[in-house]
1. Does the stretch 1-25 hold any residues that are under 17 Å from residue 104 (Cα atoms) and of a type in the set (S, T, N, Q), and which are they?
2. For a quick check of your reading: which helices (runs of 4 or more DSSP H) sit entirely within the stretch 23-109 and have at least 1 residues that are more than 15 Å from the chain's Cα centre (by Cα), of a type in the set (S, T, N, Q) and at pLDDT below 95?
3. Residue pairs, Cβ under 7 Å, 6 or more apart or interchain, first in the stretch 84-109 and more than 22 Å from residue 20 (Cβ to Cβ), second surrounded by 13 or more Cβ atoms within 10 Å (Cβ to Cβ). List them.
4. Pick from the stretch 7-27 the residues that are touching a residue at least 60 places away in the same chain (Cβ under 8 Å) and not hydrophobic (A, V, I, L, M, F, W, C): which of them is surrounded by the fewest Cβ atoms within 10 Å (Cβ to Cβ)?
5. If I filter the stretch 1-22 down to residues being of a type in the set (A, V, I, L, M) and modelled with pLDDT of 85 or more, which single residue comes out as nearest to residue 85 (Cα to Cα)?
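The values are calculated or read from the model by the stated rules, or taken from the named source; none is laboratory data. These numbers were taken from a predicted model, which means no experiment stands behind them. A quick note on method: Cβ atoms are made from the backbone with ideal geometry, for glycine too, and the neighbour counts reach across all protein chains shown.
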Amino acid sequence: MTTFNEREKAFEQKFEHDQEIQFKVNARRNKLLGLWAADLMGKSGADAEAYAKEVVMADFEKPGDSDVMGKLMKDLAAAGKPMEEHTIRKQSERLIDEAKQQVMTEVKA
């Protein structure tokens, strides 16, 4: 019975680890998305970093990506750079791979 318990615990630890990695990847993607939007709005340096942090924090408002998409659409429109949600989602899809690479590199280090 000990082997079964050890396997169960190992599966639980792997699931927890995978969830933590996915959380970090999503947060990194949102940061990259925020930096992308900040650039479109003419922000740079500390202003861009602060805006990217706002985008990351916006993801905690509701489950899913709708809160991030809503913030980006609203902020881009207010900056005179209106953008369709599907365009932002496409950029998000492009950035998820970069985010995953960055997080996995940090995890290995």
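1. Scanning the stretch 1-25 gives 19, 22.
2. 85-108
3. 85/69; 85/73; 88/69; 88/72; 88/73; 89/69; 91/33; 91/36
4. By that ranking, first place goes to 24.
5. 21
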